[in-house]
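Bear in mind that the values in this text are calculations on the coordinates, not laboratory data. Since the structure is predicted, the reported quantities are computational estimates derived from the model, not experimental observations. Reconstructed Cβ throughout: ideal geometry from the backbone, glycine too, with neighbour counts over all protein chains shown.
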Amino acid sequence: MNIKNFRLKGAILIEPKTYKDDRGFFSEVYNQDDFSKIIGKKVNFVQDNYSKSKKNVLRGLHYQKNPKAQGKLIKVVSGEIFDVIVDIRKSSKTFKCWEGIELSSESNKQIWIPEGFAHGFLALTDLAEVVYKVTEYYSPEYECSIRYDDPKLNIDWPKKSNYFLSEKDKDAGFLEENNLFE
């Protein structure tokens, strides 16, 4: 298993070992003991989510505020996405910084996003299917969204226009209008 720490402290790129042969491949997607060692603590995943998006669908930037903040383990099972994480912890040295990475079913890479980050992605292929584990149940009353095009974040999305957004994401507030983490 290969591990890469992002410059945004706590976020980790995980590349599980993949065993390929003429039949296809096998990969262990999640192992609680190994994952706990990688992130330095044991987490309790309580919900698995699955999304299917057409090309140019942009989802995010989403997070849940305390006390229902979520850590997320993201994996693409079909297609390719541009995945973005934003540090929204006011006390962090990388507050308001973002990182983006292409994830695909071919690369088999996963991202661990701890509490205190906003998350979003853009579907780059005709169809992109994403599964992710979360450490807290979905709670609409704690759900928050930040505009994907907030000029204070200046995220460099790969495609510059013609995104398909949900009404919630169209109506999202800017970073400074949101309830952020201390």
Whole-Hz ³J(HN,Hα) for each residue in the range 14-19, computed from phi via Karplus 6.51 cos²θ - 1.76 cosθ + 1.60 with θ = phi - 60°, x for glycine and proline: what do you get? 10, 10, x, 5, 10, 10
Need the list of aspartates and glutamates near residue 133 for cross-linking: C-alpha distance under 14 angstrom, and skip anything on the same chain fewer than eight residues off. 48, 115
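Let me make sure I get this right: for the range 16-88, a, b and c are the square roots of the gyration tensor eigenvalues over alpha carbons, sorted descending. Under 1.5 in a/c it's rounded, otherwise prolate if a/b > b/c, else oblate. Which is it?
On the way: a/c = 2.40, a/b = 1.17, b/c = 2.04.
Here the range 16-88 falls in the oblate category.
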Multiply the residue separation of residue 56 and residue 34 by 0.36 nm, subtract the distance between their alpha-carbon atoms, and state the gained length in nm to one decimal. 4.5 nm
Using label points projected 7 Å from each Cα along Cα→Cβ, tell me how many nm separate residue 143 and residue 104, to one decimal. 3.1 nm
Modelled label-to-label distance, residue 18 and residue 127, 7 Å Cα→beta-carbon offset: nm? 1.9 nm
In a shell of Cβ-Cβ distance under 10 Å around residue 28, excluding residue 28 itself, what net charge do Lys and Arg (+1) and Asp and Glu (-1) give? 0
Can you list the residues, at least 5 places off or on another chain, whose amide H is less than 5 Å from the amide H of residue 105, using H built in the peptide plane? 78, 79
In nanometres, what is the gap between the two model label sites at residue 5 and residue 165, each 7 Å from Cα along Cα-to-Cβ? 3.5 nm
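Say a site is exposed when it is one of the chymotrypsin sites (Phe, Trp or Tyr not before Pro), sits in a DSSP loop, and has at most 15 other Cβ atoms within 10 Å; what is then the longest site-free stretch of the chain?
Values: sites that count: 30, 137, 138, 174.
In the chain, the maximal stretch lacking such sites is 31-136.
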Could you give each residue of the range 88-100 its phi-based ³J(HN,Hα) in whole Hz, using Karplus coefficients 6.51, -1.76, 1.60 with θ = phi - 60°, and x for Gly or Pro? 10, 8, 4, 7, 7, 5, 10, 3, 6, 8, 10, 9, x
Spelling out what I want: for every residue of the range 135-140, take phi, set θ = phi - 60°, compute 6.51 cos²θ - 1.76 cosθ + 1.60 (Karplus), and round to whole Hz; glycine and proline get x. 8, 9, 5, 4, 9, x
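Please compute the net charge surrounding residue 158, taking Lys and Arg as +1 and Asp and Glu as -1 over other residues with Cβ under 13 Å from its Cβ.
Numbers: positive: 55, 159, 160; negative: 80, 83, 102, 156.
Net of charged neighbours comes to -1.
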Mind listing the long-range amide H neighbours of residue 57? Cut-off is under 5 Å, sequence gap 5 or more, other chains count too, H placed in the peptide plane at 1.01 Å from N. 123, 164
Which of the lysines could be linked to residue 20 by a straight reach, that is with a Cα gap under 19 Å, when you skip same-chain ones fewer than 8 residues away? 75, 109
